[in-house]
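Engineer: Before we start, here is the structure in question, set down as structure tokens.
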Amino acid sequence: MIDCLFISIIIPCRNEEIFIGKCLGSLLEQDWPKDRMEILVVDGSSEDKTKEIIHEYSKRYPFIRLLNNPNKFTPFAFNIGVKESKGELIFLMSAHAGYKKDYISKCVKYLEEHNADNIGGIMKTLPRENTLISRAIVLALSSSFGVGNSKFRKGAVKPMWVDTVFGGCYRKEVFNKIGLFNENLIRSQDMEFNIRLKKAGGKILLHPEIISYYYPKATNLIKFFLYNIKNGIWIIYSSKFTKKTLRIRHYISFLFVLALLITGLLGIFNLYFWFIFLFILTLYFLINFYFSIKIAIKEKELKYIFIMPIAFMSRHISYGIGSFLGIIKLLKK
């Protein structure tokens, strides 16, 4: 019986007083037997009330434990949790998310049915605040123009084998076979781990019936811009350890920014390059407005015609700049 399996849920967190209660609440509502699970919340020296909230939950529910992560960052938290875990299956979850009540049971069910080594589902992105900007950020992160062909963000109609998933459920033996998370990677450590898993013959499944709800950290365009710069840096820098070419979607923003930079600089000396610069920029804005108008029509909100182009551009330019900085970081190392 699959419901006899003991599972471990690992949640890295730092300064998550707003979301950690919602996250734990959604896990307590799971239809999985509570005597067959443990929740390990690995805190990275939070400076708000995160620890106090977790302590209150652990008093009421003994299977919730608080672990300390003095190094603060996510890969350290994952590794601490894996070492402390007792489960036959290990879930790596985000404190910034909620999980449908059958999330765990369906992960276990389809992991066994498909003989996968890691399984996850569709991540539905929700606005952190009920503001136009916050909703626009969510729409940008859910659009093919914003995130490319990222299946766990865009959605899928049937189970499929993929390169990575959000909120993955792993077999414990995976960690014995390929090791722990790379602690050199502050971000993108899950992608690098899953590349190692696939190289070792592991299989990663995305199943559309498995649903989670994610709340972006960025609530305004400045934070969104800075957050994507960091993502761009670490997605490129991770290739140092994967020794593998990334998906084309990871390079498009970098190539766009690089093309603008080169043609813009050369345009100072030759008018021909200036026209190429204007052509690239004009083509981008036409595509941008096309997707923005589609979103405005779908959402029945005229304001999105004006705010979505800015949200998309913030996403693409910042990710491209981050990728450029990531390449510089690679060359320095």
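Engineer: Checking Ile305 against (1) farther than 28 Å from Thr131 by Cα; (2) over 19 Å from the mean Cα position of the chain (by Cα): exactly one of these is not met. Which one?
Structural biologist: Of everything listed in (1) farther than 28 Å from Thr131 by Cα; (2) over 19 Å from the mean Cα position of the chain (by Cα), Ile305 misses just condition (1).
Engineer: Can you name the condition, by its number, that His114 falls short on among (1) over 24 Å from Pro216 (Cα atoms); (2) crowded, with 20+ Cβ neighbours inside 10 Å?
Structural biologist: Condition (2) is where His114 drops out.
Engineer: Is it the case that some residue within the stretch 198-213 is surrounded by fewer than 17 Cβ atoms within 10 Å (Cβ to Cβ), more than 30 Å from Ala136 (Cβ to Cβ) and of a type in the set (A, V, I, L, M)?
Structural biologist: The answer is yes; a qualifying residue exists.
Engineer: Within the stretch 105-152, work out how many residues are in a strand (DSSP E or B) and of a type in the set (Gly, Ala, Ser).
Structural biologist: Going through the stretch 105-152 one residue at a time, the tally reaches 2.
Engineer: May I pose another question? What is the residue count in the stretch 140-187 for residues that are surrounded by 17 or more Cβ atoms within 10 Å (Cβ to Cβ), closer than 24 Å to Tyr290 by Cβ and more than 15 Å from the chain's Cα centre (by Cα)?
Structural biologist: 1
Engineer: Moving on to the next point. Quick check on Ile287: is it under 15 Å from Met313 (Cβ atoms) and at pLDDT 85 or above?
Structural biologist: It is true that Ile287 is under 15 Å from Met313 (Cβ atoms) and at pLDDT 85 or above.
Engineer: Can I ask one more? Of all residues in the stretch 136-184, which are among the hydroxyl-bearing types (Ser, Thr, Tyr) and over 15 Å from Asp117 (Cβ atoms)?
Structural biologist: Ser142, Ser143, Ser144, Ser150
The values are calculated or read from the model by the stated rules, or taken from the named source; none is laboratory data. All values reported here derive from a predicted model rather than from experimental measurement. When we count neighbours, we look across all protein chains shown, and the Cβ atoms used for this are built from the backbone with ideal geometry, even at glycine.
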